[in-house]
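The values are calculated or read from the model by the stated rules, or taken from the named source; none is laboratory data. This is a predicted model, so every value here is computed, not measured. Cβ atoms come from the backbone with ideal geometry, glycine included; neighbour counts cover every protein chain shown.
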Amino acid sequence: MKGLKTVFALAIATVMFVSCGDKKQDKASQAEAPTTEAKAEKEETVRILITGNDQMQFNKSEIKVPVGKKIKLTLKHVGKMDKNVMGHNWVLLKPGTDMAAFAEQAAKASATDYIPASEKDNVVVHTKTLGGGESDTIEFTITEAGTYDFLCSFPAHFAMMKGKLIAE
Ligand code: CO
């Protein structure tokens, strides 16, 4: 009985391994196709695309992510305006950080891409600041469940460009 179970488990593992291999060959479908194989899903990277536009908006105000999984997040500036006029970044703050206080410091930190050195301990991860047509991809893993604020830290943008990342 025990031997049979082992054989069965091996057969499943082989099927999963093969289907994983197929997906890696086709990166586009890997990014979009939802999978029902729980085990295969566990091994995949979570991909998130967030856009910012010339109307000072992100396309998402809430992002849900699984704890402990590698996340590949791309910020794309889909507008045309210059970085100095309509710059966008995506900054994830540690829970409990005062967003308004952070943004006030960030607004003065143009020399460091609007990430103030004094606030570095409050930042989980951030993208570069982008102008129209540009994009930046970052990789990170959330290790603690919770609700995290995100914002664009370009001066005055956080009033409109902010949201929650929920890790569970
Ligand atoms: Co912005």
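Which numbered condition in (1) surrounded by 17 or more Cβ atoms within 10 Å (Cβ to Cβ); (2) without any contact (Cβ under 8 Å) to a residue 40 or more places away in the chain is the only one that Ala117 fails?
Going through (1) surrounded by 17 or more Cβ atoms within 10 Å (Cβ to Cβ); (2) without any contact (Cβ under 8 Å) to a residue 40 or more places away in the chain one by one, Ala117 breaks only (1).
I'm trying to understand the selection: among the residues of region 149-160, which are more than 9 Å from the ligand (Cβ to nearest atom) and among the aromatic types (Phe, Trp, Tyr)?
Phe150
Residue-wise test of (1) under 14 Å from Lys164 (Cα atoms); (2) away from the ligand (no atom under 13 Å from the Cβ); (3) out of contact with any strand residue (DSSP E or B) (no Cβ under 8 Å at 6 or more places or on another chain).
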residue	(1), (2), (3)
Lys64	yes, yes, no
Val67	no, yes, no
Thr74	no, yes, no
Asn84	no, no, yes
Gly87	no, no, no
Lys94	yes, yes, no
Thr97	yes, yes, no
Ala101	no, yes, yes
Lys108	no, yes, yes
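Criterion first (in contact with a strand residue (DSSP E or B) (Cβ under 7 Å, 6 or more places away or on another chain), away from the ligand (no atom under 14 Å from the Cβ) and among the small types (Gly, Ala, Ser)) does Gly146 satisfy it?
Values: in contact with a strand residue (DSSP E or B) (Cβ under 7 Å, 6 or more places away or on another chain): yes; away from the ligand (no atom under 14 Å from the Cβ): yes; among the small types (Gly, Ala, Ser): yes.
Taking the combined requirement at face value, the residue satisfies it.
Take region 62-105 and flag every residue that is among the polar types (S, T, N, Q), outside any loop (DSSP other than H, G, I, E, B) and without any contact (Cβ under 8 Å) to a residue 60 or more places away in the chain.
Selection gives Asn84, Gln105.
Could you check region 43-61 and list, in sequence order, the residues that are within 16 Å of the ligand (Cβ to nearest atom) and either of a type in the set (Gly, Ala, Ser) or part of a loop (DSSP other than H, G, I, E, B) (or both)?
Answer for region 43-61, where residues must be within 16 Å of the ligand (Cβ to nearest atom) and either of a type in the set (Gly, Ala, Ser) or part of a loop (DSSP other than H, G, I, E, B) (or both): Gly52, Asn53, Asp54, Gln55, Met56, Gln57, Asn59, Lys60, Ser61.
What about Phe158, is it modelled with pLDDT of 95 or more, surrounded by 14 or more Cβ atoms within 10 Å (Cβ to Cβ) and within 11 Å of the chain's Cα centre (by Cα)?
no
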